[in-house]
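The values are calculated or read from the model by the stated rules, or taken from the named source; none is laboratory data. What you are looking at is a predicted structure, and each value in this text was computed from that prediction instead of being measured. Note that each Cβ is placed from the backbone with ideal geometry, even for glycine, and that neighbours are counted across all protein chains shown. Each accessible area value is taken on the protein alone, full model and side chains, heavy atoms only, with ligands, DNA and RNA left out. Shrake-Rupley method; radii C 1.70, N 1.55, O 1.52, S 1.80 Å.
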Amino acid sequence: LDPEDSAAWYNKANSLASLENYEEAIACYDEAIKLDPEYSAAWYNKGNSLSSLENYEEAITCYDAAIKLYPEFSAAWYNKGNSLSSLGRHKEAIVCYVVAIKLYPEYSAAWYNKGNSLASLENYEESIACYDEAIKLDPEYSTAWYNKGIALKKLGRDEEAEQCFAKA
């Protein structure tokens, strides 16, 4: 009825993405963005669909567009970090997680993934501190307990590691 309704294209894209039909979803996000280039959520969700297809470079471009339009978009910073991490660009990912956490300090997943990137860089002490923050925010975060155990084990702190594994 109204092919120039950017919200309709956006919502159709979201439905397609929830059905894991990412290629079609991306085409619909593109329509929404063509109609409203400042539609930060469309840029963000297009990035998510691209990331689901493991097209991380293009996803980063979309997250950057969303962030440019809405710099306080903590989820866009977080998912940009995830895409960078998937590309092995851990130092850049950490910068994104730091911003996401600054914008939303209770973002347990951002603390967790910052810990993962730090661990990938063999910075185990700092990674443990990040896992601790994630656990403080969500005591049931089993993978944070597990990865904290891995980091402790890397530091030769086996008894503490075993306690973390048991908790996980």
Taking the Cα atoms only, what angle lies between the long axis of helix 6-18 and the longest principal axis of the chain, rounded to 10 degrees? 40 degrees
How far, in degrees from 0 to 90, does helix 142-154 lean away from the longest principal axis of the Cα atoms of the chain, to the nearest 10? 50 degrees
Of the accessible area of the chain, computed with a 1.4 Å probe and all protein chains kept, carbon and sulfur make up a percent value of 50 percent
Gain in length, Thr143 to Glu20, computed as 0.36 nm per residue apart minus the alpha-carbon separation, to one decimal in nm? 41.8 nm
For a quick check of your reading of the filter: which GluC sites (Glu not before Pro) in the stretch 85-168 sit in a DSSP loop and have no more than 14 other Cβ atoms within 10 Å? Glu106, Glu122, Glu140
Assigned charges on the beta-carbon of Lys, Arg, Asp, Glu; the stretch 73-168 dipole about Cα centre (debye): 380 debye
Taking just the alpha-carbon atoms of the stretch 22-70, what radius of gyration and Dmax come out, in angstrom? 9.5, 26
Whole-Hz Karplus couplings 3J(HN,Hα) for the stretch 42-54, θ = phi - 60° and coefficients 6.51, -1.76, 1.60, Gly and Pro as x, run 5, 4, 4, 6, 4, x, 4, 5, 4, 5, 4, 8, 6
Relative to the compact-globule scaling 2.2 N^0.38 Å, provide the ratio for the alpha-carbon radius of gyration of the stretch 1-115. 1.06
Regarding the stretch 40-168, what's the average projected area of the Cα-atom convex hull, expressed in nm²? 7.3 nm²
May I ask you to evaluate 6.51 cos²θ - 1.76 cosθ + 1.60, the Karplus curve with θ = phi - 60°, for each residue of the stretch 123-134 and list the ³J(HN,Hα) values in order in whole Hz, giving x for glycine and proline? 9, 6, 4, 5, 5, 4, 4, 5, 4, 4, 5, 4
Given the -39500 (n - 2.57) contribution per DSSP H run of 4+ residues, what per-residue ellipticity at 222 nm results for the chain, rounded to the nearest 500 deg cm²/dmol? -25000 deg cm²/dmol
Semi-axes of the equivalent ellipsoid for the stretch 53-119, please: Cα gyration tensor eigenvalues, times 5, square-rooted, ordered largest first, whole Å. 16, 16, 8
